[in-house]
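Here's the structure, in structure tokens; my notes come after.
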Amino acid sequence: IISKLPAVGTTIFSQMSQLAAQQQAINLSQGFPDFPADSSLLARLAAHSQAGLNQYAPMPGVVALREQIAALTSHCYQREVSAETEITVTSGATEALFVAIQMLVQQGDEVLLFDPAYDSYSPAIQLAGGVPVHLRLEAPSYQVDWQQVAAAITPRTRLIIVNSPHNPTGMVFNRADWQALEQLVCQHGLYCISDEVYEHMVFDAKPQLSAHGFAALAERTVVVSSFGKTFHVTGWKLGYAIAPAALTAEFRKIHQYVTFASFTPAQYAIADMLAAHPEQVAGLGVFYQQKRDFFAKQLAASRFRLLPCQGTYFQLVDYRAIAPELTDVEFCQWLTVQHKVAAIPLSVFYQQGSEARIIRLCFAKQQQTLAAAAELLCQL
Ligand code: PMP
Ligand code: GLN
């Protein structure tokens, strides 16, 4: 077989979760909650399934869910989108990203993305025949240098992929970032994919901004989000894409032949939750900020240096004071095997690698898990 992705191995998330299980380590690597989802969500899933809603959902998604997504978008960002023509439910944000990239990228097109970049973007670009162009964000702020972005735009540039709140760094775009992005996208006739899966996890009263809030940008953007993050059910693989009708029509042409539709009872269950408990979404920022702060307090006595975290459920820590001679991949291996805490190295999200001594810890965990992990980390 001639590999279509010769440089790609198994994703770091599978690698580290497998090692964590083998080593019986506390798993702060792959991002997922270790606490249960709301019991009423689970009850609704069972009820819809028992009521017989187990056959194919409509290809663009269950109508009730798309209507709730439209209402949520209006509530959070004051943007009115059509449930009928602008919203498509997908099997996780991963599918939405893949489909959006296949739709927008033609052979030879250049796609701008920011390292450390979520690891599904680049393979999807390559499969579409595109050329990923990696720009680097650096510690500790990981802010985008928009002049550098402008300088990287060529006649072949077609698409820019942004992710705010940003995995793995926890950086969140401010208004000036969105404005600079909008200006470049419009000026150069680019398209944008805005990966906003952590949209409701923004801390310290920083405004929750979105591509939805910038009208000219939104006209050329596919906004992607995920209920896995918002409702603590990453295993349900339910996400969505919002884009103007002309883009959505093309998006659905691909989506219908990738998965056709997503898990039916979960779509009804989440539609119910959005209607009955909108406070769940609204409270997510405070919920995770408390976890961030609890974990930070527990780590205060350690030799790790915590980097700023404005959003997401990830905390970056610098381990230079503990083992500067180890690369971050070596350090994560050692930490998991010898000290029973699994983490994610940052360098794997940089195309050119990184010499930084920084790892990512997921704090979407019960207090007791965070306390137990911090106790181990404080011994180093
Ligand atoms: N984008 C980012 C930045 C993510 O962190 C994740 C999940 N870890 C995804 C996309 C994929 O989301 P889903 O699990 O809904 O496919
Ligand atoms: N997005 C999750 C993370 O960053 C992992 C998703 C996956 O395992 N594919 O940890």
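Structural remarks
- Counted as qualifying within region 4-112 are the helices (runs of 4 or more DSSP H) with 2 or more residues that are in contact with a Gly (Cβ under 7 Å, 6 or more places away or on another chain) and at pLDDT 95 or above, namely 92-104.
- From the list Leu113, Leu135, the lone residue that is buried (at least 19 other Cβ atoms within 10 Å of the Cβ) and closer than 21 Å to Ile12 by Cα is Leu113.
This table checks each residue for (1) under 20 Å from Phe260 (Cα atoms); (2) loosely packed, with under 13 Cβ neighbours inside 10 Å; (3) among the small types (Gly, Ala, Ser).
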site: Ile26; (1), (2), (3): no, no, no
site: Phe32; (1), (2), (3): no, no, no
site: Ala43; (1), (2), (3): no, yes, yes
site: Ala46; (1), (2), (3): no, yes, yes
site: Ala64; (1), (2), (3): yes, no, yes
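- Among the conditions (1) away from ligand 1 (no atom under 16 Å from the Cβ); (2) touching a residue at least 12 places away in the same chain (Cβ under 8 Å), the only one that Gln183 does not satisfy is (2).
- Annotation: Thr94 fulfils all but one of (1) surrounded by 19 or more Cβ atoms within 10 Å (Cβ to Cβ); (2) within 16 Å of ligand 2 (Cβ to nearest atom); the unmet one is (1).
- The single condition among (1) without any contact (Cβ under 8 Å) to a residue 12 or more places away in the chain; (2) away from ligand 2 (no atom under 16 Å from the Cβ) that Gln15 does not meet is (2).
- Scanning region 297-354 for residues that are on the phi > 0 side of the Ramachandran plot and of a type in the set (D, E, K, R) turns up just one, Lys340.
The values are calculated or read from the model by the stated rules, or taken from the named source; none is laboratory data. Remember, predicted model here, so these are calculated numbers, not experimental data. Positions of Cβ are backbone-derived with ideal geometry, glycine not excepted, and every protein chain shown enters the neighbour counts.
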